[in-house]
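Novice: Quick one: structure below, then a few questions.
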Amino acid sequence: MTVDALTDVAGLRVGHETRAGGGWLTGTTVVLAPEGGAVAAVDVRGGGPGTKETDALDPRNLVQKVEAIVLTGGSAYGLDAASGVMAWLEEQRRGVRVGADPAHVVPVVPAACVFDLGRGGDFRARPDAATGRAAVEAAAASEPGAPVRQGCVGAGTGATVGPVKGGIGTASTVLDSGITVAALVVANAAGSAVDPETGALYGELLQGRVRYPEEDVHRAARLRLTEIAAKNAPPPLNTTLAVVATDADLSKAQAQKLAGTAHDGIARAVRPVHLLNDGDTVFAMATGERPLDAGHPLALNEILAAGADAVTRAIVRALRAAESVDGPGGLWPSYGELYGEA
């Protein structure tokens with residue numbers, strides 16, 4: 001049984017730590033690999049990324065597997081959340097062995113951040129090592145294959161997409177080969193996910209499952225967003241993050257290709273994308289449970305295409321799961337509030 005989430009890739013677990021209220025509107029999300037780690041890679045397309053340990057994921061470098069990936073709010077300050085995840089992994093003796101003693105490990109924890117500073121009202125309210133530890137502990141405590149909370153949780157707590165509220169979304173698919181491909185996205189883009197002519201979500205237009213809003217609903221939504229934009233005047237600093245995962249047996253080079261093509265999924269759901277004000281970053285993870293069919297030359301291509309599609313669906317689900325925020329840091333209506341279930 002699948003739950004249409006990243007956790008459909010057997011062995012992966014997801015944990016959120018959410019901080020909202022009292023000046024806070026941020027959080028951290030951790031994707032925890034099976035014990036022993038997963039092959040991982042990364043592809044960065046945005047002009048303003050905030051990352052940690054991404055060089056270790058280069059296929060030319062030593063580290064082959066990672067134990068966890070951290071997605072966090074707080075801009076570059078929030079990357080400190082990875083320290084809490086590292087400390088927890090060290091206690092579990094999980095990481096790269098660097099000595100004869102099993103306790104002598106160095107956990108490699110790649111991380112990336114989104115810009116959400118001040119959206120709760122307090123510029124200094126951002127994730128730290130304790131936030132990261134709480135998120136990884138939540139992941140470890142979750143059941144295998146558990147549903148993943150979506151919307152304004154974890155790293156998506158303070159996320160926005162253009163003038164509307166963003167958040168966390170996830171999706172998965174099982175290919176005819178039996179291989180699972182899934183994505184988890186923090187939708188927090190400077191561009192928009194909404195077609196200005198119709199009010200439909202770009203991601204649904206490209207999925208062929210579009211639900212067009214009524215003209216009067218769209219007209220009212222555009223008017224409200226114009227009024228809000230004049231009051232908010234937020235800096236156009238954002239970033240969309242994603243983890244695309246599969247149970248296929250991929251090399252680091254193949255995983256890097258998966259991370260790269262998955263960016264197409266962002267471009268289908270958000271326009272414009274990969275701007276200087278974005279730090280768009282996609283991680284790929286491969287647990288290696290299912291071999292690629294060597295006699296099927298398109299086996300890898302099917303995984304690449306499915307990864308991009310999963311990212312698009314995850315962004316749509318993030319927008320539909322998000323809830324409006326009206327606080328000291330600004331007002332961001334949700335897509336659901338503006339358009340309902342149209």
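Novice: How big is the charge dipole of segment 35-110 about its Cα centre, in debye rounded to the nearest 20, if each Lys and Arg gets +1 on its Cβ and each Asp and Glu gets -1 on its Cβ?
Specialist: 140
Novice: Just how many pairs of Lys in segment 6-339 have C-alpha atoms closer than 30 Å, counting pairs that are eight or more places apart or on different chains?
Specialist: Qualifying lysine pairs in segment 6-339: 7.
Novice: Measure out, as a whole number of angstrom, how far apart the alpha-carbon centroids of segment 1-49 and segment 223-294 sit.
Specialist: Here the answer is 12 Å between Cα centres.
Novice: Can you tell which of SER192, ALA262, THR246 lies farthest toward the positive end of the dipole of segment 161-275, using +1 and -1 charges on the Cβ of basic and acidic side chains (Lys, Arg; Asp, Glu)?
Specialist: Farthest towards the positive end: SER192.
Novice: Just the accessible area per residue of segment 6-339, please: how many Å² with a 1.4 Å probe?
Specialist: Result: 39 Å² per residue.
Novice: Here's another thing I want to ask about it. In the chain, what percent of the accessible surface is made up of carbon and sulfur (1.4 Å probe, ligands and nucleic acids excluded)?
Specialist: Taking all protein chains in place, the chain shows 50 percent carbon and sulfur surface.
Novice: Counting Lys and Arg as +1 and Asp and Glu as -1, each charge on the Cβ, what is the dipole of segment 248-318 about the Cα centre in debye, to the nearest 20?
Specialist: 180
Novice: Separate question: Could you sort 155-168, 307-320, 100-113 so that the peptide with the highest average Cβ count within 10 Å comes first and the rest follow in order?
Specialist: 155-168, 307-320, 100-113
Novice: Based on DSSP loop calls and a cut-off of at most 10 other Cβ atoms within 10 Å, the longest stretch of the chain free of exposed GluC sites (Glu not before Pro) is what?
Specialist: The longest such stretch corresponds to 36-196.
Novice: Nearest 20 debye, what's the magnitude of the dipole of segment 87-146 about its Cα centre given +1 on Lys and Arg Cβ and -1 on Asp and Glu Cβ?
Specialist: So the magnitude is around 140 debye.
Novice: If you don't mind, another one. Taking the Cα atoms of segment 6-339, what is the range of coordinates along each of the three principal axes, in descending order and whole Å?
Specialist: 65, 47, 35
Novice: Suppose a student asked you for the relative contact order of segment 6-339, using Cα pairs under 8 Å spaced at least 6 residues apart; what percent would you report?
Specialist: 25
The values are calculated or read from the model by the stated rules, or taken from the named source; none is laboratory data. Treat the numbers as computed from the prediction; the structure is a model and nothing was measured. So basically every Cβ, Gly included, is an ideal-geometry build from the backbone, and we count neighbours across all protein chains shown. Accessible surface is based on the protein model in full, side chains and every heavy atom, while ligands, DNA and RNA are left aside. Shrake-Rupley method; radii C 1.70, N 1.55, O 1.52, S 1.80 Å.
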